[in-house]
Every structure is written in C-alpha cells, then in structure tokens.
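Note sheet for the following structure.
What follows is calculated from the coordinates using simple rules that are stated; it is not laboratory data. This one's a predicted model, so the numbers in the text were calculated from it and none came from an experiment. Virtual Cβ from ideal backbone geometry, glycine too; neighbours counted across all protein chains shown.
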Amino acid sequence: MAIKSVVKLGNKQLANPSLPVEHFKSAELFELIQDMLDTMKEKGGVGIAAPQIGHNRRVIIFGFEKNERYPNEKPVPFTILINPIIEILSDEMVDGWEGCLSVPGLRGLVPRYQKIRYSGFDAEGNPISQVAEGFHARVVQHECDHIDGILFPQRIKDMRFFGFEEEIFAK
Ligand code: NI
C-alpha cells in the first residue's frame, strides 16, 4: 500500500498527454493501479488518473458507493480502465460542478456529454465496454481528459462559475 502525493495544477506533468499501456499483467502496472487506488481512497476522490501521481500512462480509476465530495450523486461502478476511448452517444451536454484532487478546494461548472460509451481494458488486458450517463459519464470524461493533459478549469465556459468550494456551496 502506498499513498502518493497528488500532482497539482501548474505542474507540467499534468499538461502532457500520457502514453498507452503496452504490457498488461505486469508488476509495474499492478503497482501503479494499487498506488492510484490507495491515493484515491485516502484523498476521498471519485476518480484518479495516472498522471496525477506522476505516471505518464493512460490508466484511470473511478467509482464510488457514497462520496463526501459529491454527496448528491448516485453511485458509479468501480472501474479500472486502461487505454480508454470515449464514443459520444448523444450531442446533449449538461452542466455540472466538478472538482479535482489536482485542483484542491476549487470547483467549476463544466459542460459534459450526457451519454457516452467508454471502452478500454482492465488490468489483465480484458476488454471493457460500457454505456454511461449523467455523473458516471462526467467522471469518465474528466478522467480521460487528464490523460490528454487537460484539467477541468480548461473546460469551464463562464469563469464566473469557478471558485472555492466553501463560497460556491455557502448556504
Ligand atoms: Ni481530476
């Protein structure tokens, strides 16, 4: 078990596109996945991408039953997804508040596709294909952005809807 420090906005490692995984079932890959899991759990994230712990690989992890950072969202099935591809199934886009472990304390209103299909591979190299909607689709699009070197603030259309959590969600 290894909790890693999360690379933050401004670090160039987050802006570089990641490289595909070529060898599945490797000790290196399993170690990376375990470190991502441990770090995501420790930080209370709903997802994490390899570049966030300093690995330039196309590996993302997401899913939760209940999450304090997103208390109103329905559960998302826990998934390890390698070399992901997103297919847009509907032109409809929806706005939603996003945060990121690499952008601590801040949230932004980000438009995402409402319905997608994602495909890729699990840690053993077995193919995965899944249709996702709503917050599930949002999380996958957010994590896939990470491995293309994009962070959620770059997706915000109106910067008035970007700010600190405690201000945005002030009652
Ligand atoms: Ni993120």
The chain: relative contact order from alpha carbon pairs under 8 Å, six or more residues apart, as a whole percent, is 24
Over its alpha-carbon atoms, the stretch 61-132 yields an Rg and a Dmax in Å of 13.7, 36
Among Val76, Ser129, Pro153, the residue whose Cα sits farthest towards the positive end of the charge dipole of the chain (+1 at Cβ of Lys and Arg, -1 at Cβ of Asp and Glu, taken about the Cα centre) is Pro153
Total charge of the residues flanking Glu98 in space, meaning their Cβ is under 9 Å from its Cβ, with Lys and Arg +1 and Asp and Glu -1, is +4
For the stretch 1-72, the Cα-Cα pair-distance distribution in 10 Å bins from 0, as whole percents, is 19, 49, 28, 3
For the stretch 147-159, in residue order, the Karplus 3J(HN,Hα) values (coefficients 6.51, -1.76, 1.60; θ = phi - 60°; whole Hz; Gly and Pro = x) are 7, 9, x, 10, 10, 4, x, 5, 9, 6, 8, 10, 5
Cα extents of the stretch 109-171 along the principal axes, largest first, in whole Å, come to 44, 23, 20
Given 48-61, 83-96, 109-122, 130-143, the highest-first ranking by average Cβ count within 10 Å works out to 48-61, 130-143, 109-122, 83-96
If the label point sits 7 Å along Cα→Cβ of Asn11, residues of the stretch 48-73 with amide N under 12 Å come out as 49-56
Compactness summary of the stretch 12-168: radius of gyration and Dmax from Cα atoms, Å, are 14.8, 45
Residue-normalised 222 nm signal for the chain, counting each DSSP H run of n ≥ 4 as -39,500 (n - 2.57), nearest 500 deg cm²/dmol, is -6500 deg cm²/dmol
